[in-house]
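Heads up: the structure comes next, in structure tokens.
The values are calculated or read from the model by the stated rules, or taken from the named source; none is laboratory data. Everything numeric in this text was worked out from a predicted model, so none of it was measured. Cβ atoms come from the backbone with ideal geometry, glycine included; neighbour counts cover every protein chain shown.
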Amino acid sequence: MPTAETHRCTASRDYCIVIEYTRASPHRVPLLIAHKVSGRKGHAYWARWTYQKPGKQVTVGGWKKSTWTGENGRAPGVAVETLWGHSGRPGGPKLPKKTLVCTQFKGSNQKACYRLG
């Protein structure tokens, strides 16, 4: 099934969401990534993802430890990511059109969000 991949960042561009989803609705979301651009080396980061279906309450996932991706070349420090799922594989949650999907890092009020089209 054909998939689309996109990303959105917070206004400060410090936190981003990368999402892969099927084009058919309800959308399947096989891959979701929380990305932090400027981490501190040696610091442990945790992220979670949330979603809100149209007209429903927000569903919140548990915290998952991030992994280091190395120097990012755009900002001081090191980039970190947390992944849920696998690229190009079937599966993942089914979410209806207009669902708001967000990622958040522990200790930050900022969320990077994307609304499924």
When you scan the range 46-60, how many residues do you find that are surrounded by 18 or more Cβ atoms within 10 Å (Cβ to Cβ) and under 15 Å from TRP84 (Cβ atoms)?
4
Which strands (runs of 3 or more DSSP E) does the range 31-92 wholly contain that include 1 or more residues that are at pLDDT 95 or above and out of contact with any helix residue (DSSP H, G or I) (no Cβ under 8 Å at 6 or more places or on another chain)?
46-52, 58-60
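Could you please give the count of residues in the range 94-117 that are touching a residue at least 24 places away in the same chain (Cβ under 8 Å), within 15 Å of the chain's Cα centre (by Cα) and assigned to a strand (DSSP E or B)? Reasoning before the result, please.
Quick first cut of the range 94-117, residues touching a residue at least 24 places away in the same chain (Cβ under 8 Å) only: 94-106, 108, 110-114, 116.
Subset that is within 15 Å of the chain's Cα centre (by Cα): 95, 99-106, 108, 110-114, 116.
Those left that are additionally assigned to a strand (DSSP E or B): 95, 100-105, 111-114.
Qualifying residue count for the region: 11.
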Select from the range 11-53 the residues that are without any contact (Cβ under 8 Å) to a residue 60 or more places away in the chain and charged (D, E, K, R) and write down the one among them that is farthest from PRO96 (Cα to Cα).
LYS41
